[in-house]
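One structure is given here, and the rest of the page talks about it.
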Amino acid sequence: MSLATFDLPSPREGALRRFSDLLLRRGHLIVLLLLAPPLIWLGLVYLGSLFVFLGQSIFSIDEFSGTIVREPTTATLLELFRPANFDILMRTVGIATAVTLLCAVIAFPIAYYAARYAGPRAKAAFYLAVMMPLWSSYLVKVYGWKLLLAKEGAISWFAGRLGLDGALDAWLSLPLVGGPSLSVSYTGMVLTFTYLWLPFMILPVQAALERVPASLIEAAGDLGAGPGYTFRSVILPLAMPGVVAGAVFTFSLTLGDYIVPQIIGTSALVLGQAVYTLQGTAGNIPLAAAFSLVPILVMALFLTLAKRTGAFDAM
Amino acid sequence: MNRPSLGLKIAALGGLAFLHVPLLFILLYAFTTEEKSYAFPPPGYTLKWFGVVWGRADIWAAVGLSLKVATIATLIALVLGTLAAGALARAKFFGREPISLLFVLPIALPGIVTGIALRQAFGLMEIPFSFWTIVLGHATFCIVVVYNNAVARLRRLSPSLIEASMDLGADAFQTFRLVVLPNIGTALLAGGMLAFALSFDEVIVTTFTAGQQSTLPIWMLSELIRPRQRPVTNVVAVLVILVTFLPILAAYYLTREGGQARGAAGTGK
């Protein structure tokens, strides 16, 4: 056996090579050079503009001239607690909570079936079936619900066919959740949000459930627990981090959205719409910034709590 | 393993149906003869609206602008996302965690906050709103999708491959071109496709960074708020589903061996 000889091209000479050698000798330099372009945009321009915008929440607006008074004050932040503004915050948090709960209830059986009973092929099909709606166009999905919820639309028609139009009318005549038609009620808004964010709940819950060992469930059965008791005392606690991880998405996405309430929903404002009108027609950037701080703070709080439950291992 | 109960089966399949039925209704409505309302069931069926959309210059202009914006934003995101992934995939240094958080931030924060912040930044820098401000806005949140895909693949790439290439005399650039790039190629393609779909569909940041231009989502949004041409909107909605469907399916198959398409989580609006 003879030693193989490789016919290697001789190394390139010149500036590029010397530059390459320099990079290899100094590992930090290469990291710095790679990071510089994305960091200049995201760290300097994007983060900078975020701080400039949100920082204006400590300024106030002159009521007569409508110009921004650049003196630090807490007045704008306190304005959030005025009844009209506080209502907006409470309404938005209420909707986000309802959406999150509904998402969890609908997502759980799907995730549970996919994690425990589906074979490899069925699992791939489930995954695609969840991913396709997730990545479909946001506006098209909202449009689909506008079609479905319209007074003359499909839901009313099916309700009529099934003899449930009485029940639908009764639901719509209820205070708070009702309205003249589904497309101008909180019910319609919550349904649309639930539809939009449901995949964000399914994926982490499924990931958490996949990690529940089958032997644990068998052990619970062997020790005499019925299916219901096993579910409550073994499966649900172990799936909780996944539910919390999903809730982080459904909650924060609902808090920040202003398009759905504009198209489907009542005339009462939610947080996103308030920010939109304040920065636009009202020209009150300080209050818009103060409102924008709310979802960011709520989510920071949520994330801190979620981290304690170990939710991030389920993402 | 025991069999699933009937109740679980119904709940799981019902949930999946809930995810897909609304999209089917959009498909159905594209063929309706009804012009003035969303009446169900459609009184008749026609192919006429596809022809009408075909002849509409404003819709083609919006589609063209959206495609152009998505292409350039994706290219920028590919370059910046790959650079960032290369820097952070294996490096361990102080500040690594905050920097990765920074990349996720544009997609984690509500779109309206990102939109207003960028709008104000462009105002401060006295950049007039144009095609390029839309592209920059989109690239900002597309970086993370490319970054997630590239980082996942780079971490699976064995460092010994790179060392071997260097031992054989290749310099850093040759190693990148001949060893690293072929290995992360499909991950970049998948990330790029997801970024493209994300940009093609983006509406909130666009409302704040666009001047007079109308991308396809902006056109659709105005139709959603004040419906004037329902049948045309129905057809456009179907076309949008098809345009986003294909890259996502392709991205899924490209990243399948290595688990799931990354960056699925957190397409915050």
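Look at the alpha carbon pairs under 8 Å that are at least 6 residues apart: their mean separation over the length of chain B gives a relative contact order of 31 percent. Could you tell me what percent of the accessible area of chain A is made up of carbon and sulfur, with a 1.4 Å probe and every protein chain present? Of the solvent-accessible surface of chain A, carbon and sulfur hold 68 percent.
Taking 17 Å as the cut-off, the amide N atoms of segment A:85-120 that come nearer than this to a point 7 Å along the Cα-to-beta-carbon line of A:PHE231 belong to A:102-118. For the peptide B:76-87, the mean number of other protein chain Cβ atoms found within 10 angstrom of a residue's Cβ is 4. On full extension, the segment bounded by A:LEU101 and A:SER65 gains 8.5 nm, given 0.36 nm per residue less the C-alpha separation.
Let me know the mean shielding of B:7-19 by other chains, meaning the per-residue number of their Cβ atoms within 10 Å of its Cβ. Don't skip to the end; give the middle numbers.
Details: counts 1, 7, 3, 1, 7, 11, 3, 3, 12, 11, 1, 7, 13.
Other-chain Cβ atoms within 10 Å of each residue's Cβ, averaged: 6.
Could you compute the FRET efficiency for B:ILE10 and A:HIS28, with r as their C-beta to C-beta distance and R0 at 45 Å, rounded to 0.05? Show your work: numbers first, answer last.
Working: r = 58 Å, r/R0 = 1.29.
It comes to 0.20.
Please give the FRET efficiency for B:MET166 paired with B:LEU75, using the beta carbon to beta carbon distance and R0 = 41 Å, rounded to the nearest 0.05.
Numbers: r = 29 Å, r/R0 = 0.70.
According to the calculation, E is roughly 0.90.
Pairs exceeding 26 Å between alpha-carbon atoms, taken from A:LYS123/A:LYS307; B:LYS48/B:LYS68; A:LYS151/B:LYS9; A:LYS141/A:LYS307; A:LYS146/B:LYS48; A:LYS123/B:LYS9: A:LYS123/A:LYS307; B:LYS48/B:LYS68; A:LYS151/B:LYS9; A:LYS141/A:LYS307. For A:ILE61, nonlocal amide neighbours, meaning residues 5 or more places apart or on other chains whose placed amide H falls under 5 Å from its own, are A:VAL69. Placing pseudo-labels 7 Å out from each Cα toward the beta carbon at A:ARG18 and B:MET125 gives an inter-label distance of 3.4 nm. Here B:THR255 sits with roughly 10 square angstrom of accessible surface, probe radius 1.4 Å.
If a spin label sat at a point 7 angstrom from the Cα of A:PHE158 along the line to its beta carbon, the backbone N atoms of segment A:177-191 nearer than 16 Å would be those of A:182-183, A:188, A:191.
Taking label positions 7 Å along the Cα-Cβ direction at both B:VAL21 and A:LEU77, the computed distance is 4.7 nm, reported to one decimal.
Please give the contour-minus-distance gain from B:ARG3 to B:PHE93: 0.36 nm per residue of separation, less the Cα-Cα distance, rounded to one decimal in nm. Intermediate results must be reported in sequence, preceding the final value.
On the way: separation 90, 0.36 × 90 = 32.40 nm, distance 4.99 nm.
Length difference between fully extended and current span is 27.4 nm.
Per residue, how much accessible surface does the protein assembly as shown expose to a 1.4 Å probe? Answer in Å², no decimals.
46
Per residue of peptide A:147-159, the mean number of Cβ atoms on other chains within 10 Å of the residue Cβ is 4.
Provide the buried accessible surface between chains A and B in square angstrom, both chains summed, 1.4 Å probe, rounded to the nearest 100. Kindly include the intermediate steps, with their values, before the conclusion.
Details: alone 19460 and 15840 Å², together 27110 Å².
It comes to approximately 8200 Å² buried between A and B.
Applying the Karplus relation 6.51 cos²θ - 1.76 cosθ + 1.60 with θ = phi - 60° to segment A:207-212 yields 3J(HN,Hα) values of 4, 5, 5, 4, 8, 6 Hz, where x marks Gly and Pro.
In segment A:36-54, the residues that give up 40 Å² or more of accessible area when the other protein chains are added, compared with the chain on its own (1.4 Å probe), are A:PRO38, A:LEU39, A:TRP41, A:LEU42, A:TYR46, A:SER49, A:LEU50, A:PHE53.
Just to be sure I follow the definition: excluding the sites themselves, where is the longest run in chain A that has none of the chymotrypsin sites (Phe, Trp or Tyr not before Pro) in a DSSP loop with at most 13 other Cβ atoms within 10 Å?
Working: sites that count: A:PHE6, A:PHE64, A:PHE81.
It works out to A:82-315.
Between B:ARG155 and B:SER100, the simple spin-label model (points 7 angstrom out along Cα→Cβ) gives 0.6 nm. Phi angles across segment A:177-192 convert, under the Karplus curve 6.51 cos²θ - 1.76 cosθ + 1.60 with θ = phi - 60°, into 3J(HN,Hα) values of 7, x, x, x, 8, 4, 6, 10, 9, 5, 4, x, 5, 5, 4, 5 Hz, Gly and Pro given as x.
The values are calculated or read from the model by the stated rules, or taken from the named source; none is laboratory data. This is a predicted model, so every value here is computed, not measured. Reconstructed Cβ throughout: ideal geometry from the backbone, glycine too, with neighbour counts over all protein chains shown. Heads up: the accessible areas ignore ligands, DNA and RNA and are worked out on the full protein's heavy atoms, side chains in. Shrake-Rupley method; radii C 1.70, N 1.55, O 1.52, S 1.80 Å.
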